[in-house]
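One structure is given below, encoded as structure tokens.
The values are calculated or read from the model by the stated rules, or taken from the named source; none is laboratory data. Keep in mind that what you see is a predicted model, and the values were worked out from it rather than measured. So basically every Cβ, Gly included, is an ideal-geometry build from the backbone, and we count neighbours across all protein chains shown. Each accessible area value is taken on the protein alone, full model and side chains, heavy atoms only, with ligands, DNA and RNA left out. Shrake-Rupley method; radii C 1.70, N 1.55, O 1.52, S 1.80 Å.
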Amino acid sequence: MSKLRYLAGLMATLLIFAAPLWAQEEEEACDTARWYCVEALNSGLPAVTPEIDRETPRATMESLVRAVRRDDWVGAAHLLDLSDIQQDRQQDVGTSLIRQLETVISRKTVINWDNLLDRPDALDATSTF
């Protein structure tokens with residue numbers, strides 16, 4: 001049960017907080033007033049492919065589903081924040097975690113695509129708060 005809670009928390013962090021920092025392209029300067037900027041993300045993984053879109057929470061989930069369907073576990077690992085993992089272990093740990101996450105999602109979760117926000121800042125424009 002604790003592994004399930006860990007993966008659910010990891011997914012929530014992925015979708016809500018991490019997507020905006022991934023949305024920045026390397027060539028662009030980071031707007032620190034709007035985003036939390038990092039020099040590199042998951043530098044222990046091979047270069048991210050264009051099929052992986054981390055710009056919005058919805059695009060992140062769509063990329064996860066597409067990557068899993070084509071057995072691209074390394075690409076899907078780019079959707080996680082592996083910064084606390086040593087670079088030489090990021091690929092092994094990342095692919096293991098993403099496989100576990102996919103198992104939980106496919107067995108236990110119904111994705112309501114309408115609830116996944118499609119803005120890089122994950123702001124719900126329809127919310128009154």
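Answer with yes or no whether Leu15 is surrounded by 15 or more Cβ atoms within 10 Å (Cβ to Cβ) and modelled with pLDDT under 75. Give the derivation first.
Details: surrounded by 15 or more Cβ atoms within 10 Å (Cβ to Cβ): yes; modelled with pLDDT under 75: yes.
So Leu15 passes the test.
Once the range 85-103 is narrowed to residues that are surrounded by fewer than 16 Cβ atoms within 10 Å (Cβ to Cβ) and not polar (S, T, N, Q), the residue that is farthest from Glu39 (Cα to Cα) is Arg99.
Is there a residue in the range 27-38 that is of a type in the set (S, T, N, Q), surrounded by 15 or more Cβ atoms within 10 Å (Cβ to Cβ), at pLDDT below 85 and part of a loop (DSSP other than H, G, I, E, B)? Step through it out loud before you land on a result.
Filtering the range 27-38 down to residues of a type in the set (S, T, N, Q) leaves 32.
Remaining after also requiring surrounded by 15 or more Cβ atoms within 10 Å (Cβ to Cβ): none.
The answer is no; no qualifying residue exists.
The set of residues in the range 43-73 that are in contact with a helix residue (DSSP H, G or I) (Cβ under 6 Å, 6 or more places away or on another chain) and not hydroxyl-bearing (Ser, Thr, Tyr) comprises Gly44, Leu45, Ile52, Asp53, Arg54, Pro57, Leu64, Ala67, Val68, Trp73.
Among the residues of the range 57-84, those that are hydroxyl-bearing (Ser, Thr, Tyr) and either open to solvent by less than 10 Å² (accessible area, probe 1.4 Å) or closer than 9 Å to Ile98 by Cβ (or both) comprise Thr60, Ser63.
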